[in-house]
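Peer 1: Got a structure for you, written out below as structure tokens; questions coming shortly.
The values are calculated or read from the model by the stated rules, or taken from the named source; none is laboratory data. Quick caveat, the model's predicted, so the values are computed rather than measured. For neighbour counting, all protein chains shown are included, and Cβ atoms are generated from backbone atoms with ideal geometry for every residue, glycine included.
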Amino acid sequence: MKLKTLSTVKITPKLLLNLIQLPFKKVEKPCIYCPGICISVCPTFINTGNLSLSPLGYSRYEDLGRNNCLKCWRCVSECPLSYPLPESYASEVKLTLEVLKKRETVLLSARNLDEKYSYGLSELLGTGLILINGLVERYDEGRPVNPSSLKRILRALKNYRKVYTISPESHHTLSVPLLIENLSGFSIRLNYNGPIHIPCLLLNREEKIIQALISIGVRPTKIIRDQCLKMEEPDGLSLCPRASMRNVKTIFDEILASLSY
Amino acid sequence: MSERSILKEDFLKRVKIIVGSRFTDDPRILKVYSRDFWPLLTLRESRGDELAMPLAVAWPKTVEEVTSLIKLCNEFKIPFTPYGGGSGVTGAAPCRDCLVIDVKAMNKIIELNEEDMYVAVESGIMIKKLEEYLNSKGYTIRHIPQSFPEAVVGGLIATLSTGEYSTKYGGIEDLLLDIEVVTADGGFIPLREKIVPRTSTGPNIKKLMLGSEGQLGVITKATLKIFQIPEYTSKNTFVFNSFEEALAAAREVMLLGLQPAVLRIYDKDEAALRFNEDRDLAIFIIEEWSKALLDAKESELRMVMKKRGALEIGEEYVDSWLKKRFDVISDVVKLVVPLGLWFDTIETAATWSILPKVYREFKREVKMIKGVNSVLAHASHFYSTGGCIYFTIVFEANEEVYWRVWEKAMDTLIKNGATISHHHGIGLLRKKWIERELGESLKYLKKIKRLFDPNNISNPGKFMEWESSEA
């Protein structure tokens, strides 16, 4: 608390005691104190108008959150406290790492998220391949990542000269650079002209991603940022490997096609 | 099973027929709808107290469904309450044992008319989504209250809201051109076939919905003014020797016709919290559609400030305010709650001649209350006749202190000729004091309520409800 703020407050003995203890006090569930600053970006709320199918409901009832929250993390970027509601619904998950192919430059694959593309891309791009286990649980079940396991993984990744990922989830959790922002380094050119769908977890990187795609020949006609593919089929070319589970074309299909050709 | 239970069961079956799957009586969902953002309800909820649970929630998609629901409520004599964003701060929306008619599934934009400069919308559209849509077309509604991320158009009309830019663009009453409503007795008043800029065709019954807080029916559509997005903006901050000096400067600014989009005067206590600044200061945003007008206004503003001995210090605090203005929880979660404190905000308005006294008396009287730790103030929303002062009070977290604060605050405001509410409205919170402010008018408001709502089922228990002795 700043001194100037303190000067505006009448200090009582009780308040003084609480001030001393302030560094050790933490509000565990901040959402109940909020009118819902984040609700306008919550896909389940926007789709229904039902306040309980929004962080206001998910924060009050864990089972509502576990079963209905898309864990898209859009609310976290709107929250002034960045409260990680989407990972508050279940117990911790430990991340583990398997090195499948060792090279100086590796592609990081997330089990049950992007193997459909990462194995093939790793072959064609000539990179190594590392598989991370546990990420899908964070984003599908709302489980926080065990901090020690996260530290171990980050330490292990420092052993490689370059690490890229194609999963927004890997980028979000591990801050691994996105392959789609670095395609020019692999001399990839794409010939796509049409709408581009930005995944929820990559909204804050939209500008950089679009610039990078334009530099390799992509011509976006429209940017779609309000659709969560966990809820609906996105219009346009998706930048998320998960979209293939909905039979939606992704940029990775385009990349594989151009590399195979 | 009791007769009442059988009645309820029949009623809910009929609700389901009207709205299908867009209905629930799940207690978890009802709990979310048992609150709005009234700080007293939040305090109670945080303590695990039971709140007033509604009976069920329905999400009608059409005005026909709304009409059917209201007619059903009249048939069964079961109360209903319209519910928008739930961001009100007076307990107006929550209603025990009511059918909640949540309007947010009715959220379409019906018409954008760029020549006549209006937009027609369904009442459940979020003001943020409407503004985003208008911005994409080069327009703005410029109605930006602190509840901008949560509020919906219907609720803003029902609570007579103002936005942060109201000094230039007006409150919701100035933006509203037309309204469609399903009345509490199941009647229907549609939108005009064509809006007109002004009409002298008798008292406008639709304007009764402004500030009605759900007690006369459900607003289903609204037509609102829009503006082109101003191309030219100027931001600045001026430091004054006192809050009262700043108010005097604001008066001069308003009488010169400068009408800034945003003018906010912070007393040093609130400036300390918001900007880490221990001086009384005013932040300005002037925005215009013509560079010449902006330059002229900026020049006039500087002259007024110089004459008043104010120190110009630039844009930094304006940008800081713009960035944090919707953040209503950081201070609450990081400071207020962990320190065992609670808070509320009390906004008022008064004419220029009494505004300084209102400020001084309010601060003095409320600060003296046992259990109160801090009284902050800023002034915003200005008129040619006066302005609004918005007090934030921080106190020991208990209900006894809470009501002591409100008793003293309301008494002080009324005694000094200020209003008990500039824009938050009445709800349950201010119900006790509304008669002191309105006098005989309240009697006539209650007669109107009785006319619209003979069965007293439209958000009952709120300030327009009549007693049988008042019939």
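Peer 1: Being under 20 Å from A:HIS172 (Cβ atoms), within 23 Å of the chain's Cα centre (by Cα) and within 8 Å of another protein chain (Cβ to nearest Cβ) narrows it down to one of A:PRO80, A:PRO43, so name that one. Break it down into steps so the answer makes sense when it comes.
Peer 2: Values: A:PRO43 fails: within 8 Å of another protein chain (Cβ to nearest Cβ).
Exactly one residue qualifies, and that residue is A:PRO80.
Peer 1: Looking at segment B:27-67, which of its residues are among the charged types (D, E, K, R) and either at the interface with another protein chain (Cβ under 10 Å from one of its Cβ atoms) or under 20 Å from B:GLY461 (Cα atoms) (or both)? Reasoning before the result, please.
Peer 2: Kept after step one, since they are among the charged types (D, E, K, R), are these residues of segment B:27-67: B:28, B:31, B:35-36, B:44-45, B:47, B:49-50, B:61, B:64-65.
Within segment B:27-67, B:ARG28, B:LYS31, B:ARG35, B:ASP36, B:ARG44, B:GLU45, B:GLU50, B:LYS61 meet the criteria.
Peer 1: Here is a follow-up. A:CYS38 versus (1) out of contact with any Asp or Glu (no Cβ under 8 Å at 6 or more places or on another chain); (2) more than 7 Å from every other protein chain (Cβ to nearest Cβ); (3) modelled with pLDDT of 95 or more: which is the lone unmet condition?
Peer 2: Just one mismatch for A:CYS38, condition (1).
Peer 1: A follow-up question, please. Identify the single condition in (1) in contact with an Asp or Glu (Cβ under 9 Å, 6 or more places away or on another chain); (2) among the small types (Gly, Ala, Ser); (3) buried (at least 22 other Cβ atoms within 10 Å of the Cβ) that A:GLY128 does not satisfy, given that it satisfies every other one.
Peer 2: It fails just one condition, (3).
Peer 1: Please identify the pairs in which a residue from segment A:8-22 that is more than 7 Å from every other protein chain (Cβ to nearest Cβ) has its Cβ atom under 8 Å from the Cβ atom of a residue that is part of a helix (DSSP H, G or I), counting only partners at least 6 apart or on another chain.
Peer 2: A:ILE11/A:LEU19
Rundown of residues vs (1) of a type in the set (D, E, K, R); (2) modelled with pLDDT of 95 or more; (3) within 23 Å of B:THR199 (Cβ to Cβ), yes/no style:
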residue	(1), (2), (3)
B:GLU122	yes, yes, no
B:MET126	no, yes, no
B:GLU132	yes, yes, no
B:SER147	no, yes, no
B:VAL153	no, yes, yes
B:LEU160	no, yes, yes
B:GLY170	no, yes, yes
B:GLU173	yes, yes, yes
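Peer 1: Among the residues of segment B:82-96, is there at least one that is surrounded by fewer than 20 Cβ atoms within 10 Å (Cβ to Cβ) and in a loop (DSSP other than H, G, I, E, B)?
Peer 2: To start, the set of residues in segment B:82-96 that are surrounded by fewer than 20 Cβ atoms within 10 Å (Cβ to Cβ) comprises B:96.
Now drop any that are not in a loop (DSSP other than H, G, I, E, B), which leaves B:96.
Yes; the residues of segment B:82-96 include at least one that is surrounded by fewer than 20 Cβ atoms within 10 Å (Cβ to Cβ) and in a loop (DSSP other than H, G, I, E, B).
Peer 1: Here's a follow-up. So if I check each of B:SER421, B:SER384, which one is more than 14 Å from every other protein chain (Cβ to nearest Cβ), surrounded by fewer than 19 Cβ atoms within 10 Å (Cβ to Cβ) and closer than 19 Å to B:GLY171 by Cβ?
Peer 2: Details: B:SER421 fails: surrounded by fewer than 19 Cβ atoms within 10 Å (Cβ to Cβ).
That would be B:SER384, the only listed residue that is more than 14 Å from every other protein chain (Cβ to nearest Cβ), surrounded by fewer than 19 Cβ atoms within 10 Å (Cβ to Cβ) and closer than 19 Å to B:GLY171 by Cβ.
Peer 1: Filter segment A:94-110 down to the residues that are among the hydrophobic types (A, V, I, L, M, F, W, C) and surrounded by fewer than 20 Cβ atoms within 10 Å (Cβ to Cβ), then identify the one that is farthest from the other protein chains (Cβ to nearest Cβ). Steps first, answer last, please.
Peer 2: As a first pass, look at segment A:94-110 and keep what is among the hydrophobic types (A, V, I, L, M, F, W, C): A:95, A:97, A:99-100, A:106-108, A:110.
Okay, now just the ones that are also surrounded by fewer than 20 Cβ atoms within 10 Å (Cβ to Cβ), so A:97, A:99-100.
On the way: A:LEU97: 35, A:VAL99: 42, A:LEU100: 44 Å.
Among them, the one singled out is A:LEU100.
Peer 1: Okay, moving on. Look at B:ILE109 and say whether it is surrounded by fewer than 24 Cβ atoms within 10 Å (Cβ to Cβ), within 30 Å of B:TRP433 (Cα to Cα), over 14 Å from the mean Cα position of the chain (by Cα) and among the β-branched types (Val, Ile, Thr). Show your work before the answer.
Peer 2: Working: surrounded by fewer than 24 Cβ atoms within 10 Å (Cβ to Cβ): yes; within 30 Å of B:TRP433 (Cα to Cα): no; over 14 Å from the mean Cα position of the chain (by Cα): yes; among the β-branched types (Val, Ile, Thr): yes.
No; evaluated as a whole, the condition is false for this residue.
Peer 1: Would you mind stating whether B:GLY202 is in contact with a Pro (Cβ under 8 Å, 6 or more places away or on another chain) and in a loop (DSSP other than H, G, I, E, B)? Outline the logic, then answer.
Peer 2: Values: in contact with a Pro (Cβ under 8 Å, 6 or more places away or on another chain): no; in a loop (DSSP other than H, G, I, E, B): yes.
Taking the combined requirement at face value, the residue does not satisfy it.
Peer 1: So which residues in segment B:255-293 are surrounded by fewer than 24 Cβ atoms within 10 Å (Cβ to Cβ), at the interface with chain A (Cβ under 9 Å from one of its Cβ atoms) and among the aliphatic types (A, V, I, L, M)?
Peer 2: B:ALA272, B:LEU273
Peer 1: Could you count how many residues in segment A:1-34 are hydroxyl-bearing (Ser, Thr, Tyr), more than 32 Å from the chain's Cα centre (by Cα) and outside any loop (DSSP other than H, G, I, E, B)? First the steps, then the outcome.
Peer 2: Of the residues in segment A:1-34, the ones hydroxyl-bearing (Ser, Thr, Tyr) are A:5, A:7-8, A:12, A:33.
Then drop every residue that is not more than 32 Å from the chain's Cα centre (by Cα), which leaves A:5, A:7-8, A:12.
Pick out the ones that are also outside any loop (DSSP other than H, G, I, E, B) and you get A:5.
Adding up the residues that qualify gives 1.
Peer 1: Find the residue count for segment B:189-231, including only residues that are free of Cβ contacts under 8 Å to residues at least 12 places away in the same chain and farther than 26 Å from B:TRP59 by Cα. Give the steps one after another, and end with the answer.
Peer 2: Taking segment B:189-231 as the starting set, the residues that turn out to be free of Cβ contacts under 8 Å to residues at least 12 places away in the same chain are B:190, B:193-194, B:196-204.
From what's left, farther than 26 Å from B:TRP59 by Cα: B:193-194, B:196-204.
Result for segment B:189-231: 11.
Peer 1: (1) of a type outside the set (S, T, N, Q); (2) free of Cβ contacts under 8 Å to residues at least 60 places away in the same chain; (3) in a helix (DSSP H, G or I): which one isn't true of B:LYS370, the others all being true?
Peer 2: Here B:LYS370 meets the rest and fails (3).
Peer 1: Looking for something without any contact (Cβ under 8 Å) to a residue 24 or more places away in the chain, in contact with a strand residue (DSSP E or B) (Cβ under 9 Å, 6 or more places away or on another chain), part of a loop (DSSP other than H, G, I, E, B) and surrounded by fewer than 19 Cβ atoms within 10 Å (Cβ to Cβ) - is there at least one such residue anywhere in segment B:54-74?
Peer 2: no
Peer 1: Right, B:PHE37: more than 16 Å from B:GLU213 (Cα to Cα) and aromatic (Phe, Trp, Tyr) or not? Give the derivation first.
Peer 2: Working: more than 16 Å from B:GLU213 (Cα to Cα): no; aromatic (Phe, Trp, Tyr): yes.
No.
Peer 1: Can you confirm whether A:GLY57 is facing chain B (nearest Cβ under 8 Å), without any contact (Cβ under 8 Å) to a residue 60 or more places away in the chain and part of a helix (DSSP H, G or I)? I'd like the intermediate steps shown before the answer.
Peer 2: On the way: facing chain B (nearest Cβ under 8 Å): yes; without any contact (Cβ under 8 Å) to a residue 60 or more places away in the chain: yes; part of a helix (DSSP H, G or I): yes.
Answer is yes for this residue.
Peer 1: Here is a further query. Determine, yes or no, whether B:ILE101 is assigned to a strand (DSSP E or B), surrounded by 20 or more Cβ atoms within 10 Å (Cβ to Cβ) and either within 13 Å of chain A (Cβ to nearest Cβ) or hydrophobic (A, V, I, L, M, F, W, C) (or both).
Peer 2: Numbers: assigned to a strand (DSSP E or B): yes; surrounded by 20 or more Cβ atoms within 10 Å (Cβ to Cβ): yes; either within 13 Å of chain A (Cβ to nearest Cβ) or hydrophobic (A, V, I, L, M, F, W, C) (or both): yes.
Yes: the conditions hold for B:ILE101.
Peer 1: Take the residues in segment B:232-258 that are touching a residue at least 12 places away in the same chain (Cβ under 8 Å) and part of a loop (DSSP other than H, G, I, E, B), then tell me which one is nearest to B:THR62 (Cα to Cα). Before you say what the answer is, go through the steps one by one.
Peer 2: Applying the first criterion (touching a residue at least 12 places away in the same chain (Cβ under 8 Å)) to segment B:232-258 yields B:232-256, B:258.
Next, from what is left, pick out any that are part of a loop (DSSP other than H, G, I, E, B): B:241-242, B:256, B:258.
Details: B:ASN241: 56, B:SER242: 53, B:LEU256: 47, B:LEU258: 43 Å.
Result: B:LEU258.
Peer 1: Could you list, in sequence order, all residues of segment B:109-158 that are within 14 Å of chain A (Cβ to nearest Cβ) and part of a loop (DSSP other than H, G, I, E, B)?
Peer 2: B:SER123, B:GLY124, B:ILE125, B:ILE144, B:PRO145, B:GLN146, B:SER147, B:PHE148, B:PRO149, B:GLU150, B:ALA151
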